[in-house]
Amino acid sequence: MKPVTCTLLLILFCGLLMPGGSASTQINQPAYKYGLFENHRDIGSVKMPGSVEYDESGKTYTVSGGGENMWATTDAFHFVWRRINGDFSLAADIQIMGSGGNAHRKAVLIIRQSLDADSAYADAALHGDGLASLQYREVKGGQTREIQSNVKSPSRLQIEKRGDYVWMSIARKGEVMESAGGSFRIKLEGNFYVGLGVCAHDNNAIEKAVFSNVELKQRPAPILESTLETVAIASKDRKVVYTRRAHFEAPNWSRDGNYFLFNQGGRIYKLPVTGGEPQALDTGFATRNNNDHGISPDGKWLAISDQSQEQRRSTIYVLPITGGTPRRVTKLAPSYWHGWSPDGRMLAYCAERGGNYDIYTIPVEGGEERRLTTAEGLDDGPDYSHDGQYIYFNSERTGLMQIWRMKTDGSEQTQITRDEYNNWFAHPSPDGKWLVILSYEKDVKGHPANKDVMLRLAPTGGGEIQVLAKLFGGQGTINVPSWSPDSRQLAFVSYRLIDQ
């Protein structure tokens with residue numbers, strides 16, 4: 001688990017969460033001067049300054065705005081806003097005041113990444129001529145696009161964000177709100193701006209709109225469900241061993257085939273292969289273990305990567321498989337364990353030194369570490385071949401993350417996969433016949449949680465890569481070796497987000 005890709009799993013809203021399900025909840029409101037909103041300002045180049053009047057008794061917002069347009073690569077309008085993050089919906093009854101004016105003048109419910117004129121944004125817009133449309137600029141400085149509704153002159157609009165997708169809903173006066181149809185994907189980072197806007201579509205004019213019955217709701221964070229599964233290599237059939245509404249990661253399969261180890265809440269847990277209730281392993285002071293841990297070839301020792309010491313940076317330790325006091329191996333941090341040599345003498349790991357992540361090895365007894373890779377960018381996930389002659393790892397040095405192989409002294413670094421996926425964490429089977437790979441789509445950066453991923457199986461001697469399983473997962477699924485001792489099965493963790 002590297003800091004650059006670490007994710008707070010329990011509050012993430014990654015992927016597509018469709019509208020519906022359990023109700024959203026009204027956001028707890030701070031004491032803002034403008035009701036639900038913090039402040040207001042003109043966006044872009046505006047000749048006629050805008051304004052807002054908030055009627056506390058009627059909970060209405062009268063917004064005046066000028067500006068030439070909200071379209072193309074820049075916007076000019078008046079914006080009443082607050083900062084927010086996560087998933088939400090914003091709804092209001094909207095009435096554009098007066099007659100005449102430009103037919104394309106508009107009142108909008110809007111989401112913006114920033115207050116820049118060319119910011120990425122999405123809005124539900126009611127135009128002066130009655131057109132309702134869902135408009136968006138996918139990236140900063142990009143072109144604006146829209147999805148026009150087939151309903152004319154609705155009285156109430158709603159914009160809704162779920163994950164990276166945005167929808168619009170509409171209602172005529174006296175009717176129930178219904179989806180306007182159509183959606184699009186737009187990725188907004190961190191905090192963003194949500195609120196009400198008015199654009200005159202005429203830089204020499206001011207237009208006015210009244211927003212009433214304004215509702216800003218946020219869906220509670222989904223509950224995360226984790227499932228430890230096994231999959232048979234021959235049949236590709238899967239079997240559930242253990243599932244809980246909790247976050248756990250990275251199963252190791254014991255050398256005798258009788259139990260699994262996984263991390264949850266900073267602790268290491270032991271679970272029989274037949275299921276049941278996991279029991280916490282005594283790891284002494286190491287109570288902030290991440291998902292980089294593994295069992296020695298003789299089954300007597302456990303390597304862990306713990307963040308309870310060393311300024312909360314990951315450090316590699318070794319302790320008895322039955323539990324006990326960890327012994328420190330790496331002097332420097334952060335270091336993330338990934339592989340144990342077949343003779344039990346060496347550890348392979350990913351470490352950040354001087355701002356770059358590379359592959360290192362170190363004797364189990366400690367000592368000086370040896371750097372094996374020097375390429376720019378991230379090299380990660382080292383694991384030894386069954387005969388100890390090679391180390392497999394993943395590297396982004398050629399663009400997408402791909403699987404590589406090298407001699408244990410770092411020589412003969414050779415690319416293994418060359419496809420249109422981001423491939424992570426190649427683990428060789430104990431019999432040396434297979435590599436299991438975690439594959440993301442090409443547009444996914446890092447190895448985040450809560451993504452559609454595949455476990456794929458590649459023959460070590462070369463040949464066609466086959467899909468072993470498709471699942472919702474990623475970070476925590478197979479960060480570390482998880483093969484059964486007989487090479488017939490693989491353990492992994494899949495995830496599910498459940499709306500509250």
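The values are calculated or read from the model by the stated rules, or taken from the named source; none is laboratory data. Only a predicted model underlies this, so the values are computations on that prediction, with no experimental measurement involved. So basically every Cβ, Gly included, is an ideal-geometry build from the backbone, and we count neighbours across all protein chains shown.
A few comments on the model shown:
- For the stretch 51-74, filtering for residues that are assigned to a strand (DSSP E or B) and more than 23 Å from residue 36 (Cα to Cα) leaves 3.
- Apart from one condition, residue 433 fits all of (1) crowded, with 18+ Cβ neighbours inside 10 Å; (2) farther than 19 Å from residue 335 by Cα; (3) not aliphatic (A, V, I, L, M); the exception is (1).
- Single residue of 444, 467 found to be within 15 Å of the chain's Cα centre (by Cα) and either closer than 21 Å to residue 254 by Cβ or β-branched (Val, Ile, Thr) (or both): 444
- Yes/no for residue 217 being among the charged types (D, E, K, R) and within 28 Å of the chain's Cα centre (by Cα): yes
- Every residue from the stretch 466-484 that is assigned to a loop (DSSP other than H, G, I, E, B), out of contact with any Phe, Trp or Tyr (no Cβ under 7 Å at 6 or more places or on another chain) and on the phi < 0 side of the Ramachandran plot: 475, 480, 481
- Looking across the stretch 84-119 at every residue that is β-branched (Val, Ile, Thr) and modelled with pLDDT of 95 or more, the one that is farthest from the chain's Cα centre (by Cα) is identified as 96.
- Taking the conditions (1) small (Gly, Ala, Ser); (2) buried (at least 17 other Cβ atoms within 10 Å of the Cβ); (3) under 18 Å from residue 218 (Cβ atoms) in turn, residue 190 satisfies each one other than (2).
- Considering residues of the stretch 359-369 that are under 13 Å from residue 329 (Cα atoms) and surrounded by 15 or more Cβ atoms within 10 Å (Cβ to Cβ) only, the residue modelled with the lowest pLDDT: 366
- Only one entry of 249, 277 meets the criterion of being under 29 Å from residue 498 (Cα atoms), surrounded by fewer than 17 Cβ atoms within 10 Å (Cβ to Cβ) and among the acidic types (Asp, Glu), and that entry is 277.
- Among (1) polar (S, T, N, Q); (2) assigned to a loop (DSSP other than H, G, I, E, B); (3) free of Cβ contacts under 8 Å to residues at least 60 places away in the same chain - the single one residue 114 does not satisfy: (3)
- Filter pass, residue 487 being outside any strand (DSSP E or B), surrounded by 14 or more Cβ atoms within 10 Å (Cβ to Cβ), touching a strand residue (DSSP E or B) at 6+ places or on another chain (Cβ under 8 Å) and among the hydroxyl-bearing types (Ser, Thr, Tyr): yes
- Check on residue 321, of a type in the set (A, V, I, L, M, F, W, C), over 29 Å from residue 453 (Cβ atoms) and either assigned by TED's automatic domain parsing to the domain that holds residue 269 or surrounded by 23 or more Cβ atoms within 10 Å (Cβ to Cβ) (or both): yes
- The set of residues from the stretch 220-237 being closer than 24 Å to residue 261 by Cβ and exposed (fewer than 13 other Cβ atoms within 10 Å of the Cβ) comprises just one member, 237.
- Condition check for residue 447: modelled with pLDDT under 95 and either touching a Phe, Trp or Tyr at 6+ places or on another chain (Cβ under 6 Å) or assigned to a strand (DSSP E or B) (or both): yes
- Failed criterion for residue 203 (all others in (1) touching an Asp or Glu at 6+ places or on another chain (Cβ under 9 Å); (2) buried (at least 23 other Cβ atoms within 10 Å of the Cβ); (3) farther than 18 Å from residue 112 by Cβ hold): (2)
- Strands (runs of 3 or more DSSP E) contained in the stretch 187-283 and holding at least 3 residues within 30 Å of residue 38 (Cβ to Cβ) and touching a strand residue (DSSP E or B) at 6+ places or on another chain (Cβ under 6 Å): 192-199, 207-218
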